[in-house]
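Below is one structure, written out as structure tokens; the observations come after it.
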Amino acid sequence: MRVDSSSKVDLLINQLDLNDHINSFKHFFSRESSLYIEGDQELHYRYIKALDAIEFKAPPKVADFTNIKLHLQKHGVLQFEQIFEVVKVVRYFRYFKNRDLEGIIGEWMDKFVIEPKFFEVEKYFTHDGKFEENLDEVLFGLGAKIREHKANMNSSLKRLTSSPKLSPYLIDTQIHLINDEESLLVRGGFNHVLKGAIVGRSSSGGFYVSPDSILKSKEQIRYIVQEREAIFYNYAKEFSSKLAELLPFISFCDKEFTKFDNYQARVLFAKSKNLQLVKSKKDSKIVLDGFIHPALHHAKPINVDFSKNILMITGVNAGGKTMLLKSILAAAFMAKYIIPMKLNEHKSHVGSFKNILAIIDDPQNVKNDISTFAGRMQEFSKIFEYKDALVGVDEIELGTDSDEAAALFKVILDELILRGQKIVVTTHHKRLAALMADRDDVELMAAIYDEQNRVPTYEFMHGIIGKSYAFETASRYGISNRIVTEAKAVYGDNSEKLNILIERGSQLERELKQKHKLVDEKLESIKAKELELKEEKQRVYEELEYEKNVLKESYESAINEAKLAARAGDTKAIHRAMNKANQQLPQEKKEPQIVQVAEFNIGDNVKYHSKKGVIIAMKDKKETIVEVDGMRVRVKTKELKHTQIIHQKPRTDVNLQVQRRAGLKCDLHGMRAEEAIEELDKFISDALINGWDEVIVYHGIGTGKLSYAVKEFLKTHPKVKKFEDAPQHMGGFGAKLVTL
């Protein structure tokens with residue numbers, strides 16, 4: 001019998017001990033959904049990571065829309081509960097849409113255009129799905145009548161409870177609701193003082209009686225309820241008709257919500273458990289760093305590099321070999337379905353596999369009448385049907401002779417590799433491990449045993465074959481030392497020597513790991529010092545920025561003093577202001593400036609285009625003979641560049657030219673546009689130095705080209721606050737008043 005895909009996934013989840021983790025993850029879905037998201041996984045992962053970067057509230061629990069859409073297609077009438085399911089989804093998308101998010105989430109939400117017709121339905125439902133009766137005058141009035149009749153019924157019942165005639169028969173004075181009927185709890189013989197219908201019996205033998213005195217009010221309420229139900233049905237019919245017209249929009253919301261639900265469940269599950277979101281890469285490489293299987297508590301993180309075709313795990317019994325195998329397969333499974341897990345996402349890498357298969361349990365049982373080894377062979381035969389699969393086999397030699405199994409499984413593994421499978425196995429077969437150890441496509445790992453404390457460490461070493469420590473494990477679990485000693489003698493000296501060699505290799509590997517640890521600690525120390533240097537560099541940079549700002553303020557103060565001096569007009573006042581400005585300028589030592597020598601002489605080193613040479617003769621100032629790469633070339637002096645440099649002494653010149661009042665005008669009549677703009681630029685610079693806030697520019701009317709050029713220049717000048725046409729007596733359209 002062929003197992004369906006869903007059953008295969010459930011079986012794999014059970015085999016890998018992921019049941020609790022997956023069930024916990026499913027609780028974050030708003031409605032039941034498949035673990036796998038159909039479509040482009042890369043695109044799904046982009047949306048998930050974008051959603052992970054923002055904070056948002058979880059969506060409400062929502063029912064499946066299949067029956068709702070089917071009813072609308074057939075123009076059926078939906079119940080209010082079904083209509084509210086649609087309202088909940090639209091309201092949630094509106095909540096996201098109103099946040100005006102950026103990026104792909106914002107672009108996604110922009111696709112939701114809610115029709116005004118939908119609001120005509122939505123407004124009748126409260127946030128918890130109750131019908132807004134206040135929007136209908138008739139319904140509101142009927143509701144008030146029902147409340148009035150119920151109040152009358154309660155008053156009537158309370159009068160009965162206080163009646164002296166009835167009090168001897170009352171068991172209590174409470175009003176009980178039995179089968180939707182208000183009733184009193186009385187003893188036998190009540191019929192002499194109370195007329196009514198018995199609606200139930202109590203455990204103590206009492207009678208629940210609904211008095212006849214409230215029958216009239218009950219009948220009135222039933223009549224009103226029927227009238228309300230008719231109105232509600234008309235509303236449901238009207239709402240269903242409107243929603244039928246919006247069926248494409250509802251189908252779109254349904255599809256997008258299913259996709260969004262898959263995204264948000266992963267994001268909120270990861271945040272709640274402090275897990276990482278990892279997607280499988282487009283290769284078969286598996287590298288896990290800091291991975292913790294979700295079924296383990298206080299577990300040691302797993303670090304494994306499974307880049308080759310086969311990973312063979314050996315070593316001590318109960319040392320964690322099976323859990324390592326399950327962890328590798330579990331990581332691949334969760335990455336395939338983008339299910340959050342615990343690992344270092346930046347240092348881990350999980351490949352992609354079409355199928356993930358596990359051969360873990362003992363297939364032998366009474367019902368199928370099959371041996372362990374025969375069952376294993378059946379399971380292996382099924383693996384050959386797949387390609388590009390990740391296969392995990394626990395205790396590969398289970399159920400048969402070790403020597404025969406070593407040869408058989410070596411050939412089986414070779415054949416599976418040819419079919420593109422990637423296989424991780426656990427084994428106690430040193431012979432099988434030895435047969436595979438010298439291959440480049442096989443990675444060995446061994447579970448480490450603590451000889452001193454005689455316990456497994458639940459850590460693993462790469463590149464070695466581990467010892468099983470069967471005798472030590474037997475002692476640890478209660479087998480007497482006498483039996484263990486005799487077993488060692490039967491096992492033989494040569495076999496024990498082989499184990500000693502294996503353990504020696506393991507010891508050397510541990511020593512190497514310790515040395516690597518010391519090197520890593522030194523690297524961490526170097527990184528810490530590097531970080532300190534970066535922080536010191538940042539601190540110096542901030543101090544430099546502060547000093548630059550102080551200098552900038554000093555220069556601005558000096559410039560303001562210079563402007564005040566220019567505005568003063570009085571020569572003495574100008575000199576006093578300039579002296580004050582010079583005092584405010586910081587006195588700093590300037591580095592020697594490097595400038596090019598302006599004149600050329602015989603023997604100078606020069607550059608002609610991209611070639612370097614030496615001047616050997618000069619006919620006059622205009623022509624020079626230069627020797628370049630052994631050839632003499634006659635060139636124009638102006639085409640040469642001097643390669644010699646000289647150091648000039650630092651010099652600071654402060655020149656201030658104060659122009660007359662006539663400098664407030666700039667006359668551009670008769671100039672070409674380029675010439676006029678150059679003149680205007682110089683004029684504005686002089687005006688700013690002299691401290692003038694307003695000037696006038698004459699450009700005339702003419703063809704309008706010069707006027708246009710002046711306006712465009714003034715628009716872009718950073719120091720021009722505004723400009724406008726001059727008054728008629730100052731030139732009108734032929735001039736501009738400019739405010740600086």
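From D17, D10, D4, grab the single residue that is closer than 20 Å to L390 by Cα, modelled with pLDDT under 90 and over 20 Å from the mean Cα position of the chain (by Cα).
Numbers: D17 fails: modelled with pLDDT under 90; D10 fails: modelled with pLDDT under 90.
Every option except D4 fails the conditions.
Table: residues versus (1) at pLDDT 70 or above; (2) in contact with a strand residue (DSSP E or B) (Cβ under 8 Å, 6 or more places away or on another chain).
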site: E530; (1), (2): yes, no
site: L533; (1), (2): yes, no
site: V540; (1), (2): yes, no
site: V597; (1), (2): no, yes
site: N605; (1), (2): yes, yes
Over the range 37-84, the set of residues in a helix (DSSP H, G or I), hydrophobic (A, V, I, L, M, F, W, C) and free of Cβ contacts under 8 Å to residues at least 12 places away in the same chain is L43, L70
* Is there a residue in the range 223-238 that is of a type in the set (S, T, N, Q), in contact (Cβ under 8 Å) with a residue 12 or more places away in the chain and part of a helix (DSSP H, G or I)? -> no
Selection from the range 701-731 of residues modelled with pLDDT under 85 and among the small types (G, A, S) yields G702, G704, G731
If we keep only residues of the range 148-174 that are touching a helix residue (DSSP H, G or I) at 6+ places or on another chain (Cβ under 8 Å) and hydrophobic (A, V, I, L, M, F, W, C), then the residue surrounded by the most Cβ atoms within 10 Å (Cβ to Cβ) is L160
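To keep it simple, each residue is scored yes or no on (1) in the same structural domain as G200 (by TED's automatic domain parsing); (2) of a type outside the set (S, T, N, Q); (3) at positive phi.
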site: T126; (1), (2), (3): no, no, no
site: G141; (1), (2), (3): yes, yes, no
site: E148; (1), (2), (3): yes, yes, no
site: K158; (1), (2), (3): yes, yes, no
site: S167; (1), (2), (3): yes, no, no
Residue hits (the range 175-219; touching a Lys or Arg at 6+ places or on another chain (Cβ under 9 Å) and either part of a loop (DSSP other than H, G, I, E, B) or loosely packed, with under 13 Cβ neighbours inside 10 Å (or both)) are I175, H192, V193, L194, G205, G206, D212
Here the residues within the range 61-93 that are loosely packed, with under 14 Cβ neighbours inside 10 Å and closer than 24 Å to H27 by Cα are K61, D64, T66, N67, E81
Going through (1) within 30 Å of P211 (Cα to Cα); (2) in a helix (DSSP H, G or I); (3) among the charged types (D, E, K, R) one by one, K165 fails only at (2)
If you go through A244, A236, A265, A270, the only one that is under 19 Å from Y95 (Cβ atoms) and small (G, A, S) is A265
Expected output for the range 116-131 (first residue without any contact (Cβ under 8 Å) to a residue 12 or more places away in the chain, partner surrounded by fewer than 18 Cβ atoms within 10 Å (Cβ to Cβ), Cβ below 8 Å, 6+ apart or cross-chain) is T126/E132
The one condition I396 fails out of (1) under 22 Å from K326 (Cβ atoms); (2) buried (at least 16 other Cβ atoms within 10 Å of the Cβ); (3) at pLDDT below 70 is (3)
Checked against (1) in contact (Cβ under 8 Å) with a residue 40 or more places away in the chain; (2) surrounded by fewer than 22 Cβ atoms within 10 Å (Cβ to Cβ), K255 satisfies every condition except (1)
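When you check V138 against the structure, is it in contact (Cβ under 8 Å) with a residue 60 or more places away in the chain and exposed (fewer than 13 other Cβ atoms within 10 Å of the Cβ), yes or no? Walk me through how you get there before you give the answer.
Working: in contact (Cβ under 8 Å) with a residue 60 or more places away in the chain: yes; exposed (fewer than 13 other Cβ atoms within 10 Å of the Cβ): yes.
So V138 passes the test.
Please go through the range 415-440 and give me each residue that is in a helix (DSSP H, G or I), at pLDDT 80 or above and surrounded by 14 or more Cβ atoms within 10 Å (Cβ to Cβ), ordered by number.
L416, I417
The values are calculated or read from the model by the stated rules, or taken from the named source; none is laboratory data. As the structure is a prediction and not an experimental result, all values here were calculated from the model. Cβ: placed from backbone, ideal geometry, glycine included. Neighbour counts: every protein chain shown.
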